[in-house]
Amino acid sequence: MTMATSQDQPGRRSRPCPQGAPAAGGNEPAPTPGPAQKQTRLHLLALNPTDSVTHGFLPAAAALGLAVTLLTDQPDAHRSAYAKGASLPEADVVGCDVRDFREVISRIGRLGRPGAVFTNSDHLQVQAALAADYFGLPGKDWKAAHRAKDKAQLRRSLAAAGADTVRSAELGPCDDPAGPEILGLPFPCVLKPREGVASEDVVLVGDPGELAARCREIRARRPGAALVVEEYLDGPLHTLETLGDGHVLHTLGTFRTGLSPLPYFVEERLTLLPGPPRPHAADALRQLRALGVGFGACHTEYVAQGDRARIVEVNYRAIGDQCDLALADALGIPLFAHILRTHLGERLPGHLGGRADGRARVEYVCADRGGTLTRAPSASETERDGVRLVYRPLRGTGEAHPLHRTNRDYLGVIRATGTDEGRIGRAVEEFLAAQRWEITP
């Protein structure tokens, strides 16, 4: 499944393996440091708790023998999340205004020099990159992280590099949606926050009047937020999952994404494909290089149009919502450890050893109305006919929520892995048919 390109890649230069971390390419965890050996400390930046960190990066850090300091603006939420599972690895949770890179650098300086600075948050990539650079550690180019995060700058950067041009306009908090910036944009078009995530407030608008109305609604929810209006890219939606160390860039895999009905863009299903579609994957990689993306994990979404990959957005981190857990299972590689190794300064091997026949499907059970969840299955894990199926609830019974039209509507997630796509599909459908989710208005 994995592919690698060995030409010069953008990204920060790596450094020799730090004490206490294993050599690159090995799947065996590092031995636990003895009393005389000081552990390498990872400073991990986070906002709210996520499955990627809780069940991916923290266990990987423990397997690598790392001590972890988790810097977050929501320390109580993280302490509560980690207290729920006795088997979860330990982390020193420290309160910090992680959105401010100056506070991050100051807090790390007070805690002592780290061995690595890392985040898997969309919102904190620039801050982590600046902190890593300040302490002379491997990390992402902060300018590339900003190009990926700022959706208006992403469009400008791709166009300036001659990589791709998507007609778009940026609207500041006080800009008129009927102003000259919008002239020439085709309808329907997509309206979204400039620095949004998870399809929140992303909507297809059909005419100038609808654009103005949607702008008012989003601005009421997001005072002061800048928006982007861009042409609608119609076609099959795919992801491209990559991992690089600044020298080699691996293509881990590609998911085909199933979306909710328009005008919203909620991801409802992701299916791992047998291999990256050609020539689209190569075209997407070319555009990532133009952005300077090539260090650590990156999750890119693109629409296939003819022979072209039209990038929708670039998330300079690992894919989330448990797709990263499914990808690691399907490939049979220590994905989270590999990602952390790049931030420890290790070179990635030329081949990650992932199995080529691994398949995966991730299905989200979505609320179709607002109300209180009164019935839902509990967490489960089964293995039958070569399919491992894991179900995890994402909302507890008794919780009341409005309908968001984003991944906040997820009630639970099913991830199924194996080698036979047909069996995987049947296992998911049978599980869905046997369970019930009820919402009381």
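The values are calculated or read from the model by the stated rules, or taken from the named source; none is laboratory data. Predicted, not measured: the structure shown is a model, and the values here were computed from it. Here Cβ is always computed from backbone atoms with ideal geometry, including for glycine, and neighbour counts include all displayed protein chains.
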Requested in this report: Name the residue, out of 159, 148, that is of a type in the set (Gly, Ala, Ser) and touching a Leu at 6+ places or on another chain (Cβ under 9 Å).
Outcome: 148
Query raised in the report: Is it true that residue 65 is of a type in the set (Gly, Ala, Ser), touching a residue at least 12 places away in the same chain (Cβ under 8 Å), touching a helix residue (DSSP H, G or I) at 6+ places or on another chain (Cβ under 6 Å) and part of a loop (DSSP other than H, G, I, E, B)?
Result: no
Query raised in the report: Restricting the stretch 427-437 to residues that are surrounded by 12 or more Cβ atoms within 10 Å (Cβ to Cβ) and in contact (Cβ under 8 Å) with a residue 24 or more places away in the chain, which is nearest to residue 376 (Cα to Cα)?
Result: 437
Report summary line: The residue from 296, 306, 224, 253 that alone is of a type outside the set (A, V, I, L, M) and without any contact (Cβ under 8 Å) to a residue 24 or more places away in the chain is 306
Query raised in the report: Is it the case that some residue within the stretch 313-330 is at positive phi, touching a residue at least 24 places away in the same chain (Cβ under 8 Å) and over 15 Å from the mean Cα position of the chain (by Cα)?
Result: no
Report task. Residue by residue through the stretch 151-166, note down the ones that are basic (Lys, Arg) and either crowded, with 18+ Cβ neighbours inside 10 Å or in the same structural domain as residue 193 (by TED's automatic domain parsing) (or both). Result -> 151, 155
Requested in this report: Tell me which of these residue 274 doesn't satisfy, since it passes every other one: (1) modelled with pLDDT of 95 or more; (2) over 25 Å from residue 153 (Cα atoms); (3) not hydroxyl-bearing (Ser, Thr, Tyr).
Outcome: (1)
Requested in this report: Tell me, please, whether a residue that is over 28 Å from residue 424 (Cβ atoms), hydrophobic (A, V, I, L, M, F, W, C) and in contact with a Lys or Arg (Cβ under 6 Å, 6 or more places away or on another chain) can be found in the stretch 295-312.
Outcome: yes
Query - Number of the condition not met by residue 111 [criteria: (1) within 20 Å of residue 346 (Cβ to Cβ); (2) touching a residue at least 40 places away in the same chain (Cβ under 8 Å)] - result: (1)
Query raised in the report: Does residue 362 satisfy being part of a strand (DSSP E or B), in contact with a Cys (Cβ under 6 Å, 6 or more places away or on another chain), under 30 Å from residue 64 (Cα atoms) and outside the structural domain of residue 132 (by TED's automatic domain parsing)?
Result: yes
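So that you can scan it fast, the table gives a plain yes or no per residue for (1) exposed (fewer than 14 other Cβ atoms within 10 Å of the Cβ); (2) β-branched (Val, Ile, Thr); (3) under 19 Å from residue 256 (Cβ atoms):
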position: 366; (1), (2), (3): no, no, yes
position: 377; (1), (2), (3): no, no, no
position: 384; (1), (2), (3): yes, no, no
position: 390; (1), (2), (3): no, yes, no
position: 395; (1), (2), (3): no, no, no
position: 401; (1), (2), (3): no, no, no
position: 408; (1), (2), (3): no, no, no
position: 415; (1), (2), (3): no, no, yes
Query - Scan of the stretch 131-181 for residues that are assigned to a loop (DSSP other than H, G, I, E, B) and among the hydrophobic types (A, V, I, L, M, F, W, C), ordered by number - result: 135, 137, 161, 163, 166, 174, 178
Report summary line: Inside the stretch 285-316, the number of residues satisfying the requirement of being touching a strand residue (DSSP E or B) at 6+ places or on another chain (Cβ under 6 Å) and closer than 23 Å to residue 344 by Cβ is 7
Report summary line: Taking the stretch 390-441 and keeping residues part of a loop (DSSP other than H, G, I, E, B), in contact with a Lys or Arg (Cβ under 8 Å, 6 or more places away or on another chain) and of a type in the set (Ser, Thr, Tyr) leaves 397, 419
Query raised in the report: If you check residue 147 against the conditions, is it surrounded by fewer than 22 Cβ atoms within 10 Å (Cβ to Cβ) and either of a type outside the set (A, V, I, L, M) or farther than 25 Å from residue 295 by Cα (or both)?
Result: no
